[in-house]
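Written out below as structure tokens is the structure these notes cover.
The values are calculated or read from the model by the stated rules, or taken from the named source; none is laboratory data. Note that the coordinates shown come from a computational prediction; the quantities given were computed from them, not determined experimentally. Note that each Cβ is placed from the backbone with ideal geometry, even for glycine, and that neighbours are counted across all protein chains shown. What goes into the accessible areas is simple: the full protein's heavy atoms, side chains included, and nothing from ligands, DNA or RNA. Shrake-Rupley method; radii C 1.70, N 1.55, O 1.52, S 1.80 Å.
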Amino acid sequence: MSAVLEAIMLVCFGLSWPINAMKAWKAGTAAGTSWMFLALITLGYVAGIAAKFVGGTINWVLAVYFINLAALLANWFVFARNRMRDAKLAA
């Protein structure tokens, strides 16, 4: 049951990443996006994945961690794209 609850938490939290990436893409600017926030969230996912391996609780929930991490990676790419756009506009 704990794996199901953990997966529900990850799915609920993880749904925000594709939505955030789409909104940031449409906005076309990195204003309002914090690289430190993205870094902390990334660290959290990496720590969660490491905990699965260290604790020996490797199960299907690990796949949800990786899906969320992939969605977060998309946010990093959009952030980098928007930063470059902002720099071009400023120049």
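Worth a mention:
- Percent carbon-and-sulfur accessible area, the chain, ignoring ligands, DNA and RNA, probe 1.4 Å: 77 percent
- Average accessible area per residue (Å²) across the chain - probe 1.4 Å, nucleic acids and ligands excluded: 66 Å²
- Principal axis dimensions, largest first and in whole angstrom, of the chain by Cα: 53, 21, 16
- Entry note, the chain: relative contact order of 51 percent, from Cα contacts under 8 Å with a spacing of 6+ residues.
- The residues packed around Val61, meaning those with a beta-carbon under 13 Å from its beta-carbon, carry a net charge of 0 if Lys and Arg are +1 and Asp and Glu are -1.
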